[in-house]
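A short worksheet on the structure shown next.
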Amino acid sequence: MSSKSLENYAWSPRGPADRILMQLKMHGPQTSGQTGERLGITGEAARQQLVKLAEDGLVAEERRSQGRGRPSVYWHLTDAGQARFPDTHAALTVEILASIEAVLGTEALDRVIAAREARTQAQYRDALSGCASLKERVEKLANLRTAEGYMARAEDGADGAMLLIENHCPICAAATQCRGFCRAELAVFQNVLGDGAEVERVEYLLGDGRRCTYLIRTAVG
């Protein structure tokens, strides 16, 4: 993903430290050398920034053995570092969802989620209407999701499949409160990509994954 594709994202890196946090968010754990290479600076300069971020509790290091020799030091975001990326109106959203369920019942909450699903699906379907191939539809969907704060990108997978990778979830608190949002999103992707596509969530942020990743293949039969 180019830096321009992140322009619509609500949180923009303002300095070297923020740029490093963004790299760890987008690409996962990495060495200072890998971080420096991605940012066009030396590994030592990246390491100095990472040490400062560690002192602030935003990143932590882990040592990975790679055969003989000294273990490599990989840096990753801590929970505090993850929290630097906004969860849109998180506290208020969770409170509203809890109130709907408590006052109106679970069925009312399900109807709210269904209404959001229908609205999102209509918007995506309209935006994807000019895309001829599955690859074009997935790439367009990734752009739409990035504009909404999901830091998404499309990648080619194995055997002609596509990957839709979302490095951030701006509604994570709401999804944690009610997993119906996650089920609805999966259904939306399936519907807007068409009957000719199979969509499978293979990495799940609310499971044991650091992000959400969807494997998208041409349906067989």
Report summary line: For region 75-92, pairs from a residue that is over 16 Å from TYR150 (Cβ atoms) to a residue that is at pLDDT 75 or above and of a type in the set (D, E, K, R), with Cβ under 7 Å and 6 or more apart or across chains, are TRP75/GLU61; HIS76/GLU62; LEU77/LYS25
Query raised in the report: Does ALA175 satisfy the criteria of being buried (at least 19 other Cβ atoms within 10 Å of the Cβ) and more than 10 Å from the chain's Cα centre (by Cα)?
Result: yes
Query raised in the report: Tell me, which helices (runs of 4 or more DSSP H) wholly within region 73-164 include 2 or more residues that are surrounded by 16 or more Cβ atoms within 10 Å (Cβ to Cβ) and not small (Gly, Ala, Ser)?
Result: 90-104, 106-127, 134-147
Query raised in the report: For region 189-217, which residues satisfy the criterion of being touching an Asp or Glu at 6+ places or on another chain (Cβ under 6 Å) and not charged (D, E, K, R)?
Result: GLY209, CYS212, THR213, LEU215
Query raised in the report: Can you spot a residue in region 38-49 that is modelled with pLDDT of 85 or more, in a helix (DSSP H, G or I), under 25 Å from ARG145 (Cβ atoms) and more than 16 Å from the chain's Cα centre (by Cα)?
Result: yes
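The values are calculated or read from the model by the stated rules, or taken from the named source; none is laboratory data. None of the values given here were measured: they were computed from a predicted structure. Here the Cβ is made from the backbone with ideal geometry for all residues, glycine too, and neighbour counts use every protein chain on show.
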